[in-house]
Amino acid sequence: MAADKVRAMITGATGMVGEGVLHECLEHPDVEQVLAITRKPCGVSHPKLKEIILSDFMKLSAEQVEWRQYNACFFCLGVSSVGMKEEEYRRITYDVTMHAARLMSGHNPEMVFCYVTGMGTDSTEQGRSMWARVKGRTENELLRLPFRAAYMFRPGYIHPTEGLSYTHSWYRALSWMYPGLRRLFPGHVNTLKEVGLAMIHAAQTGYPARILEPSDIRKLANGEG
């Protein structure tokens, strides 16, 4: 794929990962247009940025977006499974994601779709971990859709970008450990900046693997692969 200018849709921009990806897109010279589809205003004003405020993502429809204006989707919408029953977690994680992705692939199959999952996602869909099974099913279904390319991002610990608004408190609390984690467990750690840059580069030039572990994310962020 040629290193084209990126026109990206982003979901989850009022969460930690989505906000970080949005930040990298707005800062990057090769990203010329961003549409944030979000439940509430993301609190950012920028010439590149447009927003669609949508309280229920299952109501996203074909008429709301000029799909062919965009050549990438960075799907960062998600929730923690802690305290959730499988049915509710599946509705948010699988049903919402697939509803949006099917719309996108149906109206613009030339799009590159990047989806944030996590280390330990269960591609067999048979394991004991509920969240990993649901994420695995979501990944598998996304990879079957007729996008130009789809990439499953599986970061481990994500070091936050300083100065952003939606960093989880426990990530802030662990930030001091990052240099040691990076040195001792490089295959389990990424920065939020790396995640954002890797998505931009995936849309521009692609990557050999469709499932990206932390080391792949780091390589792609650095323009390798």
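Sequence gap of 8 or more, or different chains, plus Cα separation below 20 Å: how many lysine pairs satisfy both in the chain?
So the count of such lysine pairs works out to 10.
Lys40 accessible area, nearest 10 Å², 1.4 Å probe?
Accessible area, nearest 10 Å²: 100 Å².
When the label point is put 7 Å from the Cα of Lys40 along its Cα-to-beta-carbon vector, which residues of region 74-89 have a backbone N closer than 17 Å?
77-80
Taking Cα pairs under 8 Å and at least six residues apart, what relative contact order does region 71-225 come out at, in percent?
On the way: 234 pairs, mean separation 33.9, N = 155.
Relative contact order for region 71-225 comes out at 22 percent.
In the chain, which longest range has no GluC sites (Glu not before Pro) that are both DSSP loop (not H, G, I, E or B) and surrounded by at most 10 other Cβ atoms within 10 Å? If you can, show how the numbers build up before the last one.
Numbers: sites that count: Glu66, Glu162, Glu224.
No qualifying site falls inside 67-161, the longest such stretch.
Under the Kirkwood approximation for Rh and a Cα-based Rg, what ratio Rg/Rh is obtained for the chain? If you can, show how the numbers build up before the last one.
Numbers: Rg = 16.3 Å, Rh = 17.5 Å.
Result: Rg/Rh = 0.93.
Given points 7 Å out from each Cα along the Cα-Cβ axis, report the Asn140 to Met84 separation in nanometres with one decimal.
The modelled label-to-label distance comes out at 1.9 nm.
Taking a label point 7 Å from the Cα of Arg148 along the Cα→Cβ vector, which residues of region 1-33 have an amide N closer than 16 Å to it?
Flagged as within label range: 1-10, 30-33.
Around Asp216, under 15 Å between beta carbons, what's the net of Lys plus Arg minus Asp minus Glu among the other residues?
Its environment carries a net charge of 0.
Given the options Ser215, Ser105, Ser175, which has the most mean-square fluctuation in a GNM of the chain, springs set between C-alpha atoms less than 10 angstrom apart?
Result for the chain, Cα springs under 10 Å: Ser175 fluctuates most.
For Trp67, Trp131, what's the largest-to-smallest order of accessible area, 1.4 Å probe?
Details: Trp67 10, Trp131 80 Å².
My answer, sorted largest first, is Trp131, Trp67.
How high is the FRET efficiency between Leu184 and Asp30 when r is their beta carbon distance and R₀ equals 35 Å, given to the nearest 0.05?
Numbers: r = 34 Å, r/R0 = 0.96.
After rounding to 0.05, the efficiency reads 0.55.
So what is the 222 nm mean residue ellipticity for the chain from helices alone, if each DSSP H run of at least 4 adds -39500 (n - 2.57) and you divide by all residues, rounding to the nearest 500 deg cm²/dmol? Could the numbers behind the result be given before it?
On the way: 8 runs with 79 residues, N = 225.
Rounded to the nearest 500, it is -10500 deg cm²/dmol.
Kindly state, to the nearest 0.05, the FRET efficiency for Met98 paired with Ile211, given R0 = 25 Å and r defined as their beta-carbon distance. Write down the numbers at each step before the final one.
On the way: r = 17 Å, r/R0 = 0.70.
My answer for the efficiency is 0.90.
Just to confirm, what accessible area per residue do you get for region 7-124 at 1.4 Å probe, in whole Å²? Mind showing how you got there, number by number?
Values: 5090 Å² over 118 residues.
I get 43 Å² per residue for this part.
At a 1.4 Å probe, what is the % contribution of carbon and sulfur to the accessible area of the chain? Could the numbers behind the result be given before it?
Working: 5380 of 10470 Å².
Taking all protein chains in place, the chain shows 51 percent carbon and sulfur surface.
The values are calculated or read from the model by the stated rules, or taken from the named source; none is laboratory data. Small disclaimer: the values here were computed from a predicted structure and weren't measured. Please note: Cβ atoms are built from the backbone with ideal geometry, for glycine as well, and neighbour counts cover all protein chains shown. Please note that ligands, DNA and RNA were not included when accessible areas were found on the heavy atoms of the full protein model with its side chains. Shrake-Rupley method; radii C 1.70, N 1.55, O 1.52, S 1.80 Å.
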